[in-house]
1. Per residue of the stretch 419-431, what does 6.51 cos²θ - 1.76 cosθ + 1.60 with θ = phi - 60° give for ³J(HN,Hα)? Whole Hz please, x for Gly and Pro, Karplus curve as stated.
2. Which of the residue pairs 218/298; 139/218; 267/301; 442/477; 265/395 have a Cα-Cα distance greater than 27 Å in the structure shown?
3. Take residue 416 and residue 501, extend 7 Å from each Cα along the Cα→Cβ direction, and tell me the distance between the two endpoints in nm.
4. Amide H to amide H under 5 Å from residue 313: which residues, 5+ apart in sequence or cross-chain, H placed 1.01 Å off N in plane?
5. Take peptides 176-182, 150-156 and line them up by average Cβ neighbours within 10 Å, highest first, as a rough protection proxy.
6. Near residue 519, which aspartates and glutamates are there with a Cα under 16 Å away, not counting those fewer than 8 places off in the same chain?
7. What order, most packed first, do the peptides 274-285, 374-385, 132-143 have when packing is the mean number of other Cβ atoms within 10 Å of each residue?
8. What's the extension gain from residue 518 to residue 375 if we count 0.36 nm per residue and subtract their Cα-Cα distance?
Amino acid sequence: KTQILILGNLGENAQLNPLTTGTHENHQHTNILGPKHFIVEEENEALLAKELQEAKIQSTHNSLSSMHSSQPHLLNFETTDFCLRHPNLLLDRLALHSKSLSSLSAIPSTTEKKIQKSSSGTIQLRFTTGLAYDDDTLKHECYCKRTDLHLENPRRLLVIYEHLKRSNLLDDCEIIRGCCATIDMLTDCHDPGHVYLFGCDQRQRSQQSPAILAERLKSLVHLPCGGFGIHDDADTIWNDEYTARACRLAIGNTIELSKYILDGKLKNGFALVRPPGHHATQKPLGFCYFNTVAIAAKYLKKHRNLERIAIVDWDIHHGNGTQDLTYDDPNILYMSLHRYDNGTYFPGGGRIEECGCDDGLGKNVNIAFSGEPQSVMTDVEYLAAFRSVVIPILKQFRPEIILVSCGFDACTGHPHPLGGYELTPTCFAYMTKELMNLADGKVVLVLEGGYELNALAECGKQCIEALLNRQIPTFSKETLETKPNQYAVRSLKQVIQVQREFWPLLEQYKHLISMSHAKATES
């Protein structure tokens with residue numbers, strides 16, 4: 001017997017779809033609030049029920065268009081030969097004949113060394129690098145299970161994790177898992193309407209009104225592959241059983257990792273989480289539902305009384321969501337290095353002139369690279385940005401912790417529109433090392449984008465080696481002796497021109513922009 005949920009009219013060809021499947025006998029829905037590991041603190045059920053009742057859910061769909069006109073078209077389902085040839089292909093046949101990851105649900109919990117409790121009940125940690133990784137986040141995937149159609153898929157985490165395991169790096173890390181963010185954590189950044197549409201598990205959704213259910217159905221679209229995506233951004237897939245849980249695990253594990261680092265129990269960390277978050281504001285966009293880094297920053301400010309939190313975003317795409325959610329916050333400095341191309345590159349925002357507002361004026365720094373269509377940024381240009389803008393501002397800001405929106409899609413191997421730049425894994429490791437010299441070494445990398453599996457694996461490995469204070473590869477002589485291209489020089493000079501009002505010391509570093517890295521480090 002199979003349990004089927006009808007999604008209503010999601011399109012002209014809407015039909016029965018297995019949003020939740022399983023036998024009626026002995027079937028239990030996942031309860032994301034229940035304890036799985038000892039580090040999970042069960043959420044107060046009465047408080048949750050009260051929150052659900054008091055939440056002001058908007059009855060009308062959030063119809064606000066994306067803050068930018070451009071949309072990611074990583075794959076156009078409607079024009080593919082696949083849809084024309086197989087218009088009525090059943091889901092089970094899709095799974096049977098595709099590159100399926102269905103076996104992931106059977107993957108046992110990892111057996112590497114985990115955090116241990118002492119006899120007194122306190123947590124015993126080695127002062128080393130923490131790695132947030134949870135098998136349950138692998139279950140967030142499209143129902144068609146086709147990784148060739150959906151770039152943001154479980155393999156992104158698996159390739160990094162397995163590469164760390166083969167490289168014998170996991171033994172030197174402490175693994176953090178099983179921490180689910182609460183509703184209250186999510187609403188620190190996101191509207192209650194957004195949270196209750198996309199952040200509640202199946203048990204919590206059963207307590208919601210029919211109006212909220214109808215609103216959720218309106219926000220989804222039936223994809224030709226057999227799965228479901230977000231109505232305004234079909235590339236962002238929705239799994240009714242696992243997406244909300246994966247989002248809350250990503251946030252909860254990141255916050256838990258950050259708390260251990262702030263408490264001096266861990267040295268630094270890497271949150272190997274998905275789905276990514278830095279495009280999310282009050283609606284899903286670009287594979288993102290909730291803004292993990294922004295939520296973590298707001299949580300640490302609120303509950304740990306931090307006054308200076310830095311977010312460095314080196315994903316090739318601007319973190320429009322993070323900027324929006326921190327734009328007026330005087331305690332959170334957001335710095336983004338991204339491809340801009342005069343506003344033509346997704347998501348289209350992140351202008352150099354956007355510096356924050358109100359009390360947060362001067363706490364938003366966009367290092368937006370623009371150039372001719374064929375111009376490519378490499379390690380050389382990012383080294384120039386770090387030495388002339390990023391590090392000087394961070395030194396003056398004196399952050400108490402640095403959160404990194406750690407996307408690897410600027411790495412070689414990501415063609416346009418996924419990337420188009422040619423950074424090496426060594427550059428990401430170097431930038432990590434540079435940040436470790438600040439904030440007493442309290443650095444938390446949080447995975448964002450990156451879709452080329454070989455690049456992901458190697459970038460993740462080298463960043464972990466940097467966090468563990470291992471020796472990282474050196475740059476080639478050519479990289480060290482090459483000057484930044486004219487487009488990067490122009491962009492960086494414009495950044496300093498705009499930001500010097502808030503960070504006057506930048507004038508002292510302006511002369512370093514056009515130098516080779518070797519020459520700049522000598523001066």
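1. Along the stretch 419-431, the couplings run x, x, 9, 9, 6, 9, x, 4, 5, 5, 5, 5, 4 Hz.
2. On the way: 218/298 30 Å; 139/218 24 Å; 267/301 20 Å; 442/477 31 Å; 265/395 24 Å.
The pairs that break the limit, which is 27 Å between Cα atoms, are 218/298; 442/477.
3. Each label point is offset 7 Å from its Cα along the Cβ direction, giving 3.2 nm.
4. For residue 313, whose amide H was placed from the backbone, the distant partners under 5 Å are 335, 336, 337, 405.
5. Details: 176-182: 24.4, 150-156: 22.3.
Packing proxy ranking, top to bottom: 176-182, 150-156.
6. Answer for residue 519, where 16 Å is the Cα cut-off: 379, 381, 478, 481, listed by chain and number.
7. Values: 274-285: 27.0, 374-385: 21.5, 132-143: 23.0.
So the order, starting with the most tightly packed, is 274-285, 132-143, 374-385.
8. On the way: separation 143, 0.36 × 143 = 51.48 nm, distance 2.26 nm.
The span from residue 518 to residue 375 would gain 49.2 nm if fully extended.
Values in this text are rule-based calculations from the coordinates and carry no lab data. These numbers come from a predicted model, not from an experiment. When we count neighbours, we look across all protein chains shown, and the Cβ atoms used for this are built from the backbone with ideal geometry, even at glycine.
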